[in-house]
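Structure, as structure tokens:
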Amino acid sequence: MTMRWYGQTSGQRIQQIVFDYAMKNLAQLFRNYGIPFVVFKGPAIASLYPNPERRAHGDIDFYVPSAHFEEAMLTVRTLLGVKVERDNVDKHCAFDFQTVRFEMHYRMETFGYGPHQKYFGNLVENAMRHELPCYHAGEDEIPMLPPMIDLMVLFKHWFNHLLGEGIGLRQTADLAVAIRAYRDKIHVGTLQSHLRAVGYIRAFDTVAAMVERYFGIAWEAYWNASPEWTKEKAWDFAERLMHDVLRNGNFGRSSYRFRFGMLKRMETFARFMVHSWRYYPLAPKDIIFMLPKRFLISFRAQLQKHN
């Protein structure tokens, strides 16, 4: 068991070097052509861990503002000579570069209610206009989102997965690590104002309570400001959330009955309906508007597969 653990740790360290090298080369290309970008999730959140190389990666997600997205696609396709897989269903395209899978996003997260989507998009675009913090990829500095926006993106991604597919322990640990790293760098009142504006203040209350109860990461400044719910009320839903996290394993898929094809899509949609009902009080307006949007995404995905 010790040798297996050592082998896995060594493999993750090598993976970190490979990811850093590929990201450094892509970042240099974008800088040369004046294409703004920012990395989120993956390596960016790994940089907040005490030992970043111990967090295994799947791919690298990065965002390019919509005004530069087509230029970025053309640059990647022509100058890197890679095949770009355009996803007309969701919010990104994907390509493989130097053995690393990249997902290039023109929208970071999907909201059900249009005004919520616009508000959040404006937050991200505004953050991109200012000097951004960076994480290190080898000796290079790679831009990432400022603490408050980064935490909101990570939280919203976590909640979308909770509703749509189920969420696992690894993604939940990421959220806990981000709260620990950012809690002293965020103006809580501003964060709560933004969460109210996008309809997710109750959901974040619950996540803050869950992280405190199960990860031991308290955020007293959050509860002393203006949450929607008291900590005690949020704990009721926090127990449900953690039950789902543990049921779904490390990456959120352990409780799936089907792994591929149409049956998996049907099971995913059924899970979305069940989770939407179960967690409806946490973000009622956005969940209501998300229902038809989620159905449309599934329908388009099936059409794209057959075409």
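The values are calculated or read from the model by the stated rules, or taken from the named source; none is laboratory data. Values in this document were obtained by computation on a predicted structure and should not be read as measured data. Cβ coordinates were reconstructed from backbone atoms using ideal geometry, including for glycine residues, and neighbour counts include every protein chain displayed. Keep in mind that these areas ignore ligands, DNA and RNA; they rest on the heavy atoms of the full protein, side chains included. Shrake-Rupley method; radii C 1.70, N 1.55, O 1.52, S 1.80 Å.
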Residues that are open to solvent by 100 Å² or more (accessible area, probe 1.4 Å), within 22 Å of Arg101 (Cβ to Cβ) and modelled with pLDDT of 85 or more, drawn from segment 1-23: Ile17, Tyr21
Count of segment 133-157 residues which are at pLDDT below 95 and within 21 Å of Ile201 (Cβ to Cβ): 1
Residue match in segment 20-32 (condition: assigned to a loop (DSSP other than H, G, I, E, B), of a type in the set (A, V, I, L, M, F, W, C), in contact (Cβ under 8 Å) with a residue 40 or more places away in the chain and farther than 12 Å from Tyr135 by Cβ): no
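For every residue, the table says whether it meets (1) closer than 28 Å to Gln15 by Cβ; (2) in a helix (DSSP H, G or I).
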site: Pro143; (1), (2): yes, no
site: Asp150; (1), (2): yes, yes
site: Ala176; (1), (2): yes, yes
site: Ile179; (1), (2): yes, yes
site: Gln192; (1), (2): no, yes
site: Met210; (1), (2): no, yes
Residue within segment 63-79 that is within 26 Å of Ala173 (Cα to Cα) and modelled with pLDDT of 95 or more present: yes
Selection status of His130, open to solvent by 10 Å² or more (accessible area, probe 1.4 Å) and touching a helix residue (DSSP H, G or I) at 6+ places or on another chain (Cβ under 7 Å): no
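Among what's in segment 194-205 and is farther than 18 Å from Ala234 by Cα and part of a helix (DSSP H, G or I), pick the residue that is farthest from the chain's Cα centre (by Cα). Quick ask: steps written out before the conclusion?
First pass over segment 194-205, keeping only residues farther than 18 Å from Ala234 by Cα: 194, 197-198.
Pick out the ones that are also part of a helix (DSSP H, G or I) and you get 194, 197.
On the way: His194: 17, Ala197: 19 Å.
Taking the candidates together, the pick is Ala197.
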Residues of segment 194-234 classified as farther than 16 Å from Leu151 by Cα and open to solvent by 40 Å² or more (accessible area, probe 1.4 Å), total: 12
Residues located in segment 151-173, provided they are farther than 21 Å from Ala270 by Cβ and open to solvent by less than 10 Å² (accessible area, probe 1.4 Å): Leu151, Met152, Val153, Phe155, Lys156, Thr172
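Among the candidates Leu74, Leu26, which residue alone is out of contact with any Pro (no Cβ under 7 Å at 6 or more places or on another chain) and either surrounded by 15 or more Cβ atoms within 10 Å (Cβ to Cβ) or among the small types (Gly, Ala, Ser) (or both)?
Details: Leu74 fails: either surrounded by 15 or more Cβ atoms within 10 Å (Cβ to Cβ) or among the small types (Gly, Ala, Ser) (or both).
Exactly one of Leu74, Leu26 is out of contact with any Pro (no Cβ under 7 Å at 6 or more places or on another chain) and either surrounded by 15 or more Cβ atoms within 10 Å (Cβ to Cβ) or among the small types (Gly, Ala, Ser) (or both), namely Leu26.
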Residue among Tyr63, Tyr119, Tyr33, Tyr113 that is aromatic (Phe, Trp, Tyr) and loosely packed, with under 15 Cβ neighbours inside 10 Å: Tyr33
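Which is crowded, with 19+ Cβ neighbours inside 10 Å and in contact with a Cys (Cβ under 8 Å, 6 or more places away or on another chain), of Met108, Met144? Step through it out loud before you land on a result.
Working: Met108 fails: in contact with a Cys (Cβ under 8 Å, 6 or more places away or on another chain).
Among Met108, Met144, only Met144 is crowded, with 19+ Cβ neighbours inside 10 Å and in contact with a Cys (Cβ under 8 Å, 6 or more places away or on another chain).
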Subset of segment 84-124 [more than 25 Å from His194 (Cβ to Cβ) and touching an Asp or Glu at 6+ places or on another chain (Cβ under 8 Å)]: Cys93, Ala94, Phe95, Val100, Arg101, Phe102
Every residue from segment 174-183 that is buried (at least 20 other Cβ atoms within 10 Å of the Cβ) and small (Gly, Ala, Ser): Ala178
Residue ID - nearest to Gln8 (Cα to Cα), chosen from residues in segment 33-64 that are in a helix (DSSP H, G or I) and in contact with a Ser or Thr (Cβ under 9 Å, 6 or more places away or on another chain): Arg54
